[in-house]
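Structure first, commentary second.
Just so it is clear, none of the values below were taken in a lab; they were calculated from the coordinates. These numbers were taken from a predicted model, which means no experiment stands behind them. Cβ atoms come from the backbone with ideal geometry, glycine included; neighbour counts cover every protein chain shown.
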Amino acid sequence: MEEVIRARGHENVSAQHASTFEVTSDDYLTPAGDCILGVEADRTPADFDPAFLDACQSGDATITVELAAGGSTETVTGRGHPDLSFENDRSAVGRTSDYVDDRTVLVDADAAAADLDRDLVAALADGADLTVTLTVE
């Protein structure tokens, strides 16, 4: 089962955050947003299918996020959590920790923004289109 978010990069994408990555529906990004990979997301967790949420609420669920932009692709793997709610209508956040709030789409991720391929980050800083594909098993 999968959900797809389409967004775009921004000149202030730095991808320096050590424990999270984020995609937002906001149309702006300040330099302080060092976890944000894309802006103007066409969907947020609140738009996801309830069956996708149900699958992600299992602690045994494996959630994979494929980030594709500018000819580069990066895959981040994490897990589900019973407290995931997917209620946020503004942004989706992947976390290396087990912290959960209404923006969280996976926990215990094996990578954060700072770990991503720098070619992908450079493409996003140049404004490339970003496709975020979330898959749950």
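When a footprinting reagent is the concern and you count Cβ atoms within 10 Å, what order do Arg95, Arg8 take, fewest first? Display every interim value, and only then the final one.
On the way: Arg95 23, Arg8 17.
With the fewest neighbours first, Arg95, Arg8 line up as Arg8, Arg95.
Peptide packing: for 120-129, 50-59, the average count of neighbouring Cβ atoms within 10 Å per residue gives the ranking 120-129, 50-59, highest mean first.
What's the exposure ranking of Glu40, Glu66, going from fewest to most Cβ atoms within 10 Å?
Starting with the residue having the fewest Cβ neighbours, the order is Glu66, Glu40.
Between Asp27 and Asp126, the simple spin-label model (points 7 angstrom out along Cα→Cβ) gives 2.5 nm. Note on Asp42/Arg118: beta-carbon distance plugged into 1/(1 + (r/R0)^6) with R0 of 22 Å gives a FRET efficiency of 0.30.
Think of it as helices only: each DSSP H run of n ≥ 4 in the chain is worth -39500 (n - 2.57), and spread over all residues that comes to -3000 deg cm²/dmol at 222 nm.
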